[in-house]
């Protein structure tokens, strides 16, 4: 697939069009830094938006859950979905209330999610999901057994119709407001990991593994 | 309205039902701590999920945007929406990959958003939105003028049909896995504000206001 693509009428950014980005590299960087997505789907004419973990492998997004979940049971029927990932980077304080904003990076993927039935692809997808959230963890834990794999439903959403939207930098005020006597700037926001907290039932005095001690979401 | 309410079939938490919470106090605490929501709506049978700021006033959620935005233009027609707010609190590392999870608090509100046409309610809603994100800022900036208010569309969503879902605490492993020799516990995650960065065009050497210097999302 080409790296750049022409947005469809459904994914073209209409508001603040200069913030729209349509190259895969940017979109994938945002997707790879995010931890949760918000999945939109429709049941009986009502939209639902549910947060869930996800992983990316090449040009596919994978989400998973219980084979009995209402959300995934519905996705399994091949209904249209929207998967949105949003990274909040800061509050933008302008001189006028009207020009206040947020710095953010977001990706919207539209399409139809299909159930993964091939056992090898399911295992690969679960590993991708795990490595997406915490690289190094998969090799360190008890692997899924037959029963657990059966209880898990993995869905694949091809990343075909998508767009990214990014706002960065200082506030943009109306020219006549720059003299207004108030502080203006950005309060940066970052999702920061704190000291890992051991499970009270951790029987042996184990050290926190490297991948959990130096955890960071920044993908550079 | 009663503080507790009986969930509808659409908002009753089906998966992990013990995580479902239906009292307003819990839901409002989550809504008041969140900075952005994800709004789900439908255009031509396709669900869209868009991140945006919001505010709460009593039993209403307010979202706003350009009067010309595709999203809000559609909401204006009275279509069904779903507004979801998610706070990510940590990664839960179990002994088995299957029991890995995340700690989170989320609220889902279903309903129909209506446009706010009364000028006083619109102004009150914009103040609520601003105070929600950064208490103290509203009084410190240039107020909205006639033209800006006209260019802004505010929508009200009554918080009537809703549910919250919360997962907290250490991993829950299968009993036979507790002996598995791997570290288990939680990596806590917090959205942390960094040092405010002044707008390069800030003409006078102004000090960062108190409300921006001690910014915290925790609502206690």
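The values are calculated or read from the model by the stated rules, or taken from the named source; none is laboratory data. Just so it is clear, the model here is predicted, and its values are computed rather than measured. Neighbour counts run over all protein chains shown; Cβ positions are idealised from the backbone, glycine included.
Only one of A:191, A:153, A:157 is under 24 Å from the mean Cα position of the chain (by Cα), outside any helix (DSSP H, G or I), surrounded by 16 or more Cβ atoms within 10 Å (Cβ to Cβ) and within 8 Å of chain B (Cβ to nearest Cβ). Can you tell me which? Spell out the reasoning first.
Details: A:153 fails: within 8 Å of chain B (Cβ to nearest Cβ); A:157 fails: within 8 Å of chain B (Cβ to nearest Cβ).
Checking each option against the conditions leaves just A:191.
Across region B:58-69, which residue is farthest from the chain's Cα centre (by Cα) among those that are part of a strand (DSSP E or B) and at pLDDT below 95?
Applying the first criterion (part of a strand (DSSP E or B)) to region B:58-69 yields B:60-66.
From the residues that got through so far, the ones that are at pLDDT below 95 too are B:63-66.
Working: B:63: 11, B:64: 14, B:65: 16, B:66: 19 Å.
For region B:58-69, the residue satisfying everything is B:66.
So which residues in region B:171-181 are at the interface with chain A (Cβ under 7 Å from one of its Cβ atoms) and surrounded by 17 or more Cβ atoms within 10 Å (Cβ to Cβ)?
Answer for region B:171-181, where residues must be at the interface with chain A (Cβ under 7 Å from one of its Cβ atoms) and surrounded by 17 or more Cβ atoms within 10 Å (Cβ to Cβ): B:171, B:177.
Residues checked against (1) over 27 Å from residue B:191 (Cβ atoms); (2) more than 25 Å from the chain's Cα centre (by Cα):
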site	(1), (2)
A:167	no, no
A:178	yes, yes
A:182	no, yes
A:196	no, no
A:200	no, yes
A:213	no, no
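Looking at region B:9-20, which of its residues are buried (at least 17 other Cβ atoms within 10 Å of the Cβ) and touching a helix residue (DSSP H, G or I) at 6+ places or on another chain (Cβ under 7 Å)? Outline the logic, then answer.
In the first step, residues of region B:9-20 are kept if they are buried (at least 17 other Cβ atoms within 10 Å of the Cβ); the result is B:11, B:13.
Residue satisfying the conditions is B:13 alone.
Among A:181, A:144, A:200, A:171, which is touching a helix residue (DSSP H, G or I) at 6+ places or on another chain (Cβ under 8 Å) and over 30 Å from residue A:79 (Cβ atoms)? Show your work before the answer.
Details: A:181 fails: touching a helix residue (DSSP H, G or I) at 6+ places or on another chain (Cβ under 8 Å); A:144 fails: over 30 Å from residue A:79 (Cβ atoms); A:200 fails: touching a helix residue (DSSP H, G or I) at 6+ places or on another chain (Cβ under 8 Å).
Unique residue meeting the criteria: A:171.
Mind listing just one residue for me: the one in region B:105-121 that is within 20 Å of residue B:38 (Cβ to Cβ) and buried (at least 21 other Cβ atoms within 10 Å of the Cβ) and, of those, modelled with the lowest pLDDT?
Looking at the filtered set, the residue picked out is B:113.
Out of (1) within 30 Å of residue B:207 (Cβ to Cβ); (2) buried (at least 19 other Cβ atoms within 10 Å of the Cβ), what's the single condition that is false for residue B:136?
Among (1) within 30 Å of residue B:207 (Cβ to Cβ); (2) buried (at least 19 other Cβ atoms within 10 Å of the Cβ), the lone unmet condition for residue B:136 is (2).
Out of all the residues in region B:84-133, which are without any contact (Cβ under 8 Å) to a residue 12 or more places away in the chain and at positive phi?
Answer for region B:84-133, where residues must be without any contact (Cβ under 8 Å) to a residue 12 or more places away in the chain and at positive phi: there is none.
Do the conditions hold for residue A:72, that is, is it more than 7 Å from every other protein chain (Cβ to nearest Cβ), buried (at least 23 other Cβ atoms within 10 Å of the Cβ), at pLDDT 90 or above and in contact with a strand residue (DSSP E or B) (Cβ under 7 Å, 6 or more places away or on another chain)? First the steps, then the outcome.
On the way: more than 7 Å from every other protein chain (Cβ to nearest Cβ): yes; buried (at least 23 other Cβ atoms within 10 Å of the Cβ): yes; at pLDDT 90 or above: no; in contact with a strand residue (DSSP E or B) (Cβ under 7 Å, 6 or more places away or on another chain): yes.
When the stated conditions are applied, residue A:72 does not pass them.
Going by the structure shown, is residue B:166 at the interface with another protein chain (Cβ under 9 Å from one of its Cβ atoms) and part of a strand (DSSP E or B)? Steps first, please.
Working: at the interface with another protein chain (Cβ under 9 Å from one of its Cβ atoms): no; part of a strand (DSSP E or B): yes.
No, not satisfied.
Restricting to region B:86-132, what's the tally of residues that are part of a loop (DSSP other than H, G, I, E, B), over 28 Å from residue B:188 (Cα atoms) and touching a helix residue (DSSP H, G or I) at 6+ places or on another chain (Cβ under 6 Å)? Give the derivation first.
The first filter runs over region B:86-132 and keeps only residues part of a loop (DSSP other than H, G, I, E, B), leaving B:94-95, B:100, B:113, B:116-118.
Those left that are additionally over 28 Å from residue B:188 (Cα atoms): B:113, B:116-118.
Checking which are touching a helix residue (DSSP H, G or I) at 6+ places or on another chain (Cβ under 6 Å) leaves us with B:113, B:116.
Qualifying residue count for the region: 2.
Among the residues of region A:208-220, which ones are more than 26 Å from residue A:168 (Cα to Cα) and more than 7 Å from chain B (Cβ to nearest Cβ)? Please lay out each step first, then the result.
Initial filter on region A:208-220 (more than 26 Å from residue A:168 (Cα to Cα)): A:208-214.
Residues satisfying the conditions are A:210, A:211, A:213, A:214.
Of all residues in region B:19-57, count the ones that are assigned to a loop (DSSP other than H, G, I, E, B), more than 7 Å from every other protein chain (Cβ to nearest Cβ) and either closer than 25 Å to residue A:81 by Cβ or modelled with pLDDT of 95 or more (or both).
3
Consider residue B:169 carefully, then state whether it is modelled with pLDDT of 95 or more and closer than 30 Å to residue A:207 by Cβ. Working first, answer last.
On the way: modelled with pLDDT of 95 or more: yes; closer than 30 Å to residue A:207 by Cβ: yes.
Spelling it out, residue B:169 is indeed modelled with pLDDT of 95 or more and closer than 30 Å to residue A:207 by Cβ.
Filter region A:194-210 down to residues that are surrounded by 14 or more Cβ atoms within 10 Å (Cβ to Cβ) and in contact (Cβ under 8 Å) with a residue 24 or more places away in the chain, then give me how many there are.
Step one: list which residues in region A:194-210 are surrounded by 14 or more Cβ atoms within 10 Å (Cβ to Cβ), which gives A:196-199, A:202, A:206, A:208-209.
Applying the additional criterion that residues be in contact (Cβ under 8 Å) with a residue 24 or more places away in the chain yields A:209.
Going through region A:194-210 one residue at a time, the tally reaches 1.
Take the conditions in a loop (DSSP other than H, G, I, E, B) and in contact with a strand residue (DSSP E or B) (Cβ under 6 Å, 6 or more places away or on another chain) and apply them to residue A:171. Does it pass?
On the way: in a loop (DSSP other than H, G, I, E, B): yes; in contact with a strand residue (DSSP E or B) (Cβ under 6 Å, 6 or more places away or on another chain): yes.
Criteria met by residue A:171.
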